[in-house]
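Written out below as structure tokens is the structure these notes cover.
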Amino acid sequence: MAAEIIDGKAFAAALRLRIADAVPAFEAATGRVPGLAVVLVGDDPASAVYVASKGKATLAAGMASFEHRLSADVTQAELEGLLAQLNTDETVDGILLQLPLPAHLDEQAAVATIDPDKDVDGLTPVSAGRLALGIPGMVPCTPHGCLLLLQDRLGDLSGKDAVVIGRSILVGKPMAALLLGANCTVTMAHSRTKDLPDLVRRADIVVAAVGRPEMVRGDWIKPGAIVIDVGINRLAPADGAAKGRLVGDVAYEEAGAVATAITPVPGGVGPMTIACLLRNTLVAAHRRAGLSDPE
Ligand code: NDP
């Protein structure tokens, strides 16, 4: 492996420390700590694990964590009622609705009821609009984490050719908007893109957010490129193993032999997501209190 391994775990740990360091000053100025409310509907085990780790990280940063668990058969009106109540709760700075929701609920309508100033996941139409217009708002956590890792490695991204593979609302689209905002020349690829390997070969920066194990091969990568692998895919268990290995959307060893730097899976982008969620909560708290953004 010739490439530098981008240590997202260490970067995220340092970011979380900086966030925790900023909480006492906020408390001194306002008489309270920032608060994050997480809403979980139903009992999907993976979602329950995510919610628990978000709550733990929030408390570890010295912030208040409010967890709301609703039963799987909650009505749309009940869910939106809770979100409306959290919108007006002065102790709540950030609201996160854990997705996916059970099939009978309208996800888009529920997300749209969240106050954009408390939308720490950056998923409301207003947040997406602010990002597209380049005005301050809440930026989705995973792509924001990717941008921080790229800026840490490269400094100014101006003029870089970036290819984003995947166009989801959660990752691909906001990632492209952030890279454009950082003056990259951005190409967005998706399942209908023609000649994807050729397109990727032109990129200085490759962000893969597809959900297909090891789809991006080493010979797609331009020598010297930086590869950010957002994908989290669990392979089928090897003989006798209880669980399969986690891999990204990029063939790590192959791409690492050509790239100049690459994020591993796990330990790359993943840890940045929660760190950026805490950062968004801190920023939302400052803005709501009329304070300038923390460093
Ligand atoms: P989605 O399924 O919502 O989107 C996948 C995107 O990949 C779509 O735009 C799809 O195109 C595109 N795609 C699918 N097949 C191909 C192909 N053969 N060639 C090119 N593009 C293709 O996924 P998410 O964006 O939510 O997540 C992507 C990955 O990132 C997943 O592995 C997920 O687990 C992971 N993830 C990791 C996070 C982290 O914290 N590290 C956070 C969020 C996600 P089309 O639109 O045409 O269908």
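Across every pair of non-identical alpha carbons in the chain, the mean reciprocal distance, once inverted, gives a Kirkwood radius of 19.9 Å.
For Glu295 and Asn183, the difference between the fully extended length at 0.36 nm per residue and the C-alpha to C-alpha distance is 38.1 nm.
Here the simple spin-label model places points 7 Å from the Cα toward Cβ, and for Ile169 and Lys9 these points are separated by 3.3 nm. In the chain, the longest principal axis of the Cα atoms and the axis of helix 270-288 are about 40 degrees apart. Summing charges over neighbours of Ala72, with a neighbour being any other residue whose Cβ is under 9 Å away from its Cβ, gives -3 when K and R count +1 and D and E count -1.
Whole-Hz Karplus values for the stretch 22-36 come out as 7, 5, x, 5, 5, 5, 5, 6, 10, x, 8, 9, x, x, 10 Hz, taken residue by residue from phi with 6.51 cos²θ - 1.76 cosθ + 1.60 and θ = phi - 60°; glycine and proline positions read x. For the chain, the mean residue ellipticity at 222 nm estimated from helices alone is -13000 deg cm²/dmol, where every DSSP H run of n ≥ 4 contributes -39500 (n - 2.57) and the total is divided by all residues, rounded to the nearest 500. Among 96-108, 176-188, the peptide with the highest mean count of other Cβ atoms within 10 Å heads the list, and the full ranking is 176-188, 96-108. Ranked by the mean number of other Cβ atoms within 10 Å of their residues, highest first, the peptides 199-212, 124-137 come out as 199-212, 124-137.
Tell me which residues come under 5 Å, amide H to amide H, from Gly35 once H is placed; ignore anything under 5 positions away on its chain. So Gly35 has HN proximity to Ala64, Asp93, Gly94. Using a 7 Å offset from the Cα along the Cα-to-Cβ direction at both Val49 and Thr88, what is the distance between the two label points in nm, to one decimal? A separation of 3.9 nm, rounded to one decimal place.
As a calculated quantity, the FRET efficiency between Glu253 and Arg201 at R0 = 22 Å, using C-beta atoms, amounts to about 0.75. Here the gap between Ala77 and Arg217, fully extended at 0.36 nm per residue and compared with their Cα-Cα distance, gives a gain of 45.8 nm. Computed over the chain, relative contact order equals 22 percent, with contacts defined as Cα pairs under 8 Å that lie 6+ residues apart. Scanning residues 5 or more positions from Leu97 or on other chains, those with amide H under 5 Å from its amide H are Val39, with H placed 1.01 Å from N in the peptide plane. Averaging the sequence gap over all C-alpha pairs within less than 8 Å and six or more residues apart, then dividing by the number of residues, gives the stretch 141-271 a relative contact order of 21 percent.
Database note for the chain: Cys without another Cys beta carbon under 4.7 angstrom, Cys146, Cys184.
Packing, as the average of other Cβ atoms within 10 Å across residues, places the peptides 230-240, 56-66 in the order 56-66, 230-240, highest first.
Distance between the pseudo-spin-label points of Arg245 and Asp21 (7 Å out from Cα toward the beta carbon): 3.8 nm. Rounded to the nearest Hz, the phi-derived 3J(HN,Hα) couplings of the stretch 59-74 under the Karplus curve 6.51 cos²θ - 1.76 cosθ + 1.60 (θ = phi - 60°) are 5, 5, 7, x, 9, 8, 10, 10, 10, 10, 10, 10, 6, 4, 9, 4, where x marks glycine and proline. Counting Lys and Arg as +1 and Asp and Glu as -1 over every other residue whose Cβ lies under 11 Å from the Cβ of Pro237, the net charge comes to +2. Once the Cβ-Cβ distance of Ala29 and Leu59 is raised to the sixth power relative to R0 = 22 Å, the FRET efficiency obtained is 0.60.
The phi torsions of the stretch 97-113, fed into the Karplus equation with coefficients 6.51, -1.76 and 1.60 and a -60° offset, translate into couplings of 9, 5, 10, x, 8, x, 4, 6, 9, 8, 4, 4, 5, 5, 4, 5, 7 Hz, rounded to whole numbers, with Gly and Pro shown as x.
Bear in mind that the values in this text are calculations on the coordinates, not laboratory data. Only a predicted model underlies this, so the values are computations on that prediction, with no experimental measurement involved. Heads up, the Cβs are rebuilt from the backbone with ideal geometry, glycines too, and the neighbour counts pull from every protein chain shown.
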